[in-house]
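This report refers to the structure that appears directly beneath it.
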Amino acid sequence: MSARILYIEDNESNMYLVNFLLEARGHTVLQAWDGRQGVELALREQPDLILLDIQLPVMDGYEIARAIRAEASLARVPIVALTSYAMSGDREKALGAGCDGYLEKPINPETFVASVEQFLPTAP
């Protein structure tokens with residue numbers, strides 16, 4: 001199953017790698033480089049899944065997750081934090097802001113796509 005995945009990330013190398021891995025498995029990646037752009041793109045495109053960096057310009061990942069969760073049209077879209085924030089309490093903070101999952105950077109290219117696909121909604 002191919003999905004439309006929005007990736008909100010300000011680091012060009014991370015964007016390239018995630019985009020490459022997901023597209024190689026047949027997914028379409030929508031790219032946003034800051035929080036405001038990410039929320040706008042999510043509202044306009046209604047992706048199947050949102051991958052979200054936490055440390056971003058304009059709005060941080062927690063603010064973005066809360067803004068997306070406040071939109072009824074996006075209430076069922078899974079949000080997965082993809083972050084280098086791996087200190088004690090960071091996972092709980094991301095989940096508390098509305099994320100459905102939490103993946104740590106650096107990613108493992110061998111297992112990354114399968115980890116992301118676990119969060120995709122299944123067809124009815």
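The numbers here are math on the coordinates, done by the rules we state, and not lab data. Values in this document were obtained by computation on a predicted structure and should not be read as measured data. Positions of Cβ are backbone-derived with ideal geometry, glycine not excepted, and every protein chain shown enters the neighbour counts.
Evaluate the following for P121: is it in a loop (DSSP other than H, G, I, E, B), exposed (fewer than 13 other Cβ atoms within 10 Å of the Cβ) and in contact with a Pro (Cβ under 7 Å, 6 or more places away or on another chain)?
Values: in a loop (DSSP other than H, G, I, E, B): yes; exposed (fewer than 13 other Cβ atoms within 10 Å of the Cβ): yes; in contact with a Pro (Cβ under 7 Å, 6 or more places away or on another chain): yes.
Answer is yes for this residue.
Within the stretch 81-106, how many residues turn out to be among the aliphatic types (A, V, I, L, M) and either out of contact with any Lys or Arg (no Cβ under 9 Å at 6 or more places or on another chain) or closer than 17 Å to E40 by Cα (or both)? Break it down into steps so the answer makes sense when it comes.
Filtering the stretch 81-106 for residues among the aliphatic types (A, V, I, L, M) gives 81-82, 86-87, 94-95, 97, 103.
So of that shortlist, the ones also either out of contact with any Lys or Arg (no Cβ under 9 Å at 6 or more places or on another chain) or closer than 17 Å to E40 by Cα (or both) come out as 87, 94-95, 103.
Qualifying residue count for the region: 4.
So, in the stretch 8-29, how many residues would count as being charged (D, E, K, R) and closer than 17 Å to L103 by Cα?
First, the residues of the stretch 8-29 that are charged (D, E, K, R): 9-10, 12, 23, 25.
Now drop any that are not closer than 17 Å to L103 by Cα, which leaves 9-10.
Count: 2.
For P78, are the conditions met, namely being of a type outside the set (K, R), under 19 Å from R44 (Cα atoms), touching an Asp or Glu at 6+ places or on another chain (Cβ under 9 Å) and surrounded by fewer than 20 Cβ atoms within 10 Å (Cβ to Cβ)?
On the way: of a type outside the set (K, R): yes; under 19 Å from R44 (Cα atoms): yes; touching an Asp or Glu at 6+ places or on another chain (Cβ under 9 Å): yes; surrounded by fewer than 20 Cβ atoms within 10 Å (Cβ to Cβ): yes.
Criteria met by P78.
Which one of these is under 26 Å from F20 (Cβ atoms) and buried (at least 19 other Cβ atoms within 10 Å of the Cβ): A94, A86, A67?
Working: A86 fails: buried (at least 19 other Cβ atoms within 10 Å of the Cβ); A67 fails: under 26 Å from F20 (Cβ atoms).
Only one candidate passes the filter, namely A94.
Within the stretch 21-38, does at least one residue satisfy the condition of being surrounded by fewer than 21 Cβ atoms within 10 Å (Cβ to Cβ) and among the small types (G, A, S)?
The answer is yes; a qualifying residue exists.
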